[in-house]
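**Student:** Pasting in a structure now, in structure tokens, and then I'll have a few things to ask.
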Amino acid sequence: MTTSKGTSGINSHVPGQPATVSAAAEATGGISAGSFVESDIDEELFRFNSDDTPLMNLMLRSKRVKVNSPEVEHYMIDEPRSTFIVKNTISGGNNPKVLLPLDTKDLAICRPHSTLLVKGIDGYDPTGRNVTVGRNLMLFVVGEDPGTGYPMVRAVNGKKNSPSDDFSFVPFIPAGTKVILLANSLYETQKEVDPDLIVPQPTLVYLQKRGMNQVVSDYFHSQRKRIPFSKAVIAEQAIANFKVRGNRTLWAGRGGKFKMDVPRMGMQYVYCTEGLRWQFKRELMHKGRWTIEDVIAMAKMFFTGEDVPKSALLLAGKNLLEQIQSIDFSKHPEIQISSKTNKLGWSVTNFHTVFGDIEIKREPTLDRLGWSNSGALIGEDRLVHYIYSAEHSFSDRVEGEEATRNGILIWDAIALKGSCHIWIDGDSEHVSGGALGIKLWNSDKAPTEVQDKEVYYLTVDCPGISAKARTGDMWQIHMVETEEGDIRKVWSLYTGELNID
């Protein structure tokens, strides 16, 4: 291609050629057509969506607690126990007072002058002769046996030989019977009872210092660039990346502290915060397809425990979200499903059940962490955001260089309060240390592949476990070794510290 000079002698004219990209690029000295045209960029994909870090956004809206140390004692006062199980059978007969055999961990609960309701055992009317069907027996704790530590009890509404008798007899009570602790009952001049000592148990929370730096040279800032990277665009991208990494830490980080030698500054501590995943005290072990009964059981566990939250937010991995969304709710009109914008400004799927509403939102970080089949059912009003140093930005000139350093620093942690929160685990085989693992069971046959101390939540009656195993109960398996060396499976109604029945 030949160009012709103009009146000033510049090769700026190309006679006989159409104005195409290829022709113009060749006329300029062989610049390729791809370099002649500036690339465009997708502004929507270029900028991270704020919904990519739901947990961090939830933390920023949680209760803020300013602290004066990166090490915080996070106190949690658990709800007191209300139920326990009779360990051995009480034969009954003509005994006005008997020992109530309990597990060692339950002995301190039944203090003298307490009253106890015995579930499943009928009491008698005031004459002591007629059974009041469906009206439970009540016991009164007289004292404590010094040898065994068992509480000594008498029946309040037991059988009598004569209506005028001052004492009634304790009837037959089988092993495994549930007993519920009621208020104490004092005699007419009594004013002293055993005091209650409530000692909050702290867990140590480390606040992690996180930072982001961005260094821009003066030349880069002033240079005209083919793609218009402004300082604002670079900073926005860096902040988005900072938030995504921080969100992964809030989920999966492991707590700890260690020293490192800093040049010219000596030894200093580095703190790592414990991720929310490892703070749950209850884990619902669930694999495979979800049913409507599973969702109802999950709502019941969350809203009817000792610690009752105001709302429920399920941050779910993509596979868990797909499973729940694929449930056929057509036969259950009482469960209403709708899309709404919640008080946090998120578009969520709202499940309305008789126990309470569950708002469901996808959490992309769970997918990145390999927990696509899992999720966290959280009470929004049961989160604490500990802050040692609030998020702040800085801008400094780099010493000895023609460049500016811009950055963000924050020193904080997130912690769960209360026992309502549930981790739904669909990816691992084992319960994390310190948590109560619960499996949903929807068969009338007892599970066969079990491990010692596993807890099963029944979504149907299960006579294979026990004639008393009803829908909504939790039962625990115990692997007991016999005198012959064999292993025997023993089932018992579960009423542990995190009681949700």
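The values are calculated or read from the model by the stated rules, or taken from the named source; none is laboratory data. Source: prediction; values computed, not measured. Every residue, glycine among them, receives a Cβ derived from its backbone with ideal geometry; neighbour counts consider all protein chains shown. When the accessible area is computed, the model is the full protein with side chains, heavy atoms only, and any ligands, DNA or RNA have been set aside. Shrake-Rupley method; radii C 1.70, N 1.55, O 1.52, S 1.80 Å.
**Student:** Can we say residue 104 is within 24 Å of residue 195 (Cα to Cα) and surrounded by fewer than 17 Cβ atoms within 10 Å (Cβ to Cβ)? First the steps, then the outcome.
**Tutor:** Values: within 24 Å of residue 195 (Cα to Cα): yes; surrounded by fewer than 17 Cβ atoms within 10 Å (Cβ to Cβ): yes.
In short, yes.
**Student:** Going through segment 80-101 one residue at a time, which ones are in a loop (DSSP other than H, G, I, E, B), crowded, with 18+ Cβ neighbours inside 10 Å and of a type in the set (Val, Ile, Thr)?
**Tutor:** Hit for segment 80-101 is 86, nothing else.
**Student:** Based on what the data block shows, is residue 134 buried (at least 18 other Cβ atoms within 10 Å of the Cβ) and either out of contact with any Pro (no Cβ under 6 Å at 6 or more places or on another chain) or modelled with pLDDT under 90 (or both)? Lay out the reasoning, then the answer.
**Tutor:** Values: buried (at least 18 other Cβ atoms within 10 Å of the Cβ): no; either out of contact with any Pro (no Cβ under 6 Å at 6 or more places or on another chain) or modelled with pLDDT under 90 (or both): yes.
The answer is no for residue 134.
**Student:** State whether one or more residues within segment 406-420 are at pLDDT below 85 and among the hydroxyl-bearing types (Ser, Thr, Tyr).
**Tutor:** Looking through segment 406-420, at least one residue is at pLDDT below 85 and among the hydroxyl-bearing types (Ser, Thr, Tyr).
**Student:** Among the numbered criteria (1) of a type in the set (D, E, K, R); (2) out of contact with any Phe, Trp or Tyr (no Cβ under 6 Å at 6 or more places or on another chain); (3) within 30 Å of residue 418 (Cα to Cα), which single criterion is violated by residue 135?
**Tutor:** (3)
Residue by residue, here is whether (1) open to solvent by less than 50 Å² (accessible area, probe 1.4 Å); (2) part of a helix (DSSP H, G or I); (3) in contact (Cβ under 8 Å) with a residue 24 or more places away in the chain holds:
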{"residue": "322", "(1), (2), (3)": "no, yes, no"}
{"residue": "329", "(1), (2), (3)": "yes, no, yes"}
{"residue": "334", "(1), (2), (3)": "no, no, no"}
{"residue": "338", "(1), (2), (3)": "no, no, no"}
{"residue": "367", "(1), (2), (3)": "yes, yes, yes"}
{"residue": "381", "(1), (2), (3)": "no, yes, yes"}
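**Student:** Return the pairs, sorted by first residue and then second, in which the second residue is among the aromatic types (Phe, Trp, Tyr) and in a loop (DSSP other than H, G, I, E, B), the first residue lies in segment 179-197 and is open to solvent by less than 70 Å² (accessible area, probe 1.4 Å), the beta carbons are less than 8 Å apart, and the residues are 6+ apart or on different chains.
**Tutor:** none
**Student:** Further question: Restricting to strands (runs of 3 or more DSSP E) lying wholly in segment 239-307: which have 3 or more residues that are surrounded by fewer than 16 Cβ atoms within 10 Å (Cβ to Cβ) and not hydrophobic (A, V, I, L, M, F, W, C)?
**Tutor:** Working: elements: 256-262, 266-272, 282-285.
The strands (runs of 3 or more DSSP E) meeting that bar are 256-262, 266-272.
**Student:** Of these, 112, 163, 171, which one is surrounded by 19 or more Cβ atoms within 10 Å (Cβ to Cβ) and touching a residue at least 12 places away in the same chain (Cβ under 8 Å)?
**Tutor:** 171
**Student:** Identify, from the list 14, 65, the residue that is modelled with pLDDT of 60 or more, of a type in the set (A, V, I, L, M, F, W, C) and in contact with a strand residue (DSSP E or B) (Cβ under 7 Å, 6 or more places away or on another chain).
**Tutor:** Step by step, each of 14, 65 is checked, and only 65 is modelled with pLDDT of 60 or more, of a type in the set (A, V, I, L, M, F, W, C) and in contact with a strand residue (DSSP E or B) (Cβ under 7 Å, 6 or more places away or on another chain).
**Student:** Would you mind finding the one in 418, 434, 400 that is on the phi > 0 side of the Ramachandran plot, open to solvent by 20 Å² or more (accessible area, probe 1.4 Å) and free of Cβ contacts under 8 Å to residues at least 12 places away in the same chain? Before you say what the answer is, go through the steps one by one.
**Tutor:** Values: 418 fails: free of Cβ contacts under 8 Å to residues at least 12 places away in the same chain; 434 fails: free of Cβ contacts under 8 Å to residues at least 12 places away in the same chain.
Just one listed residue meets the conditions, 400.
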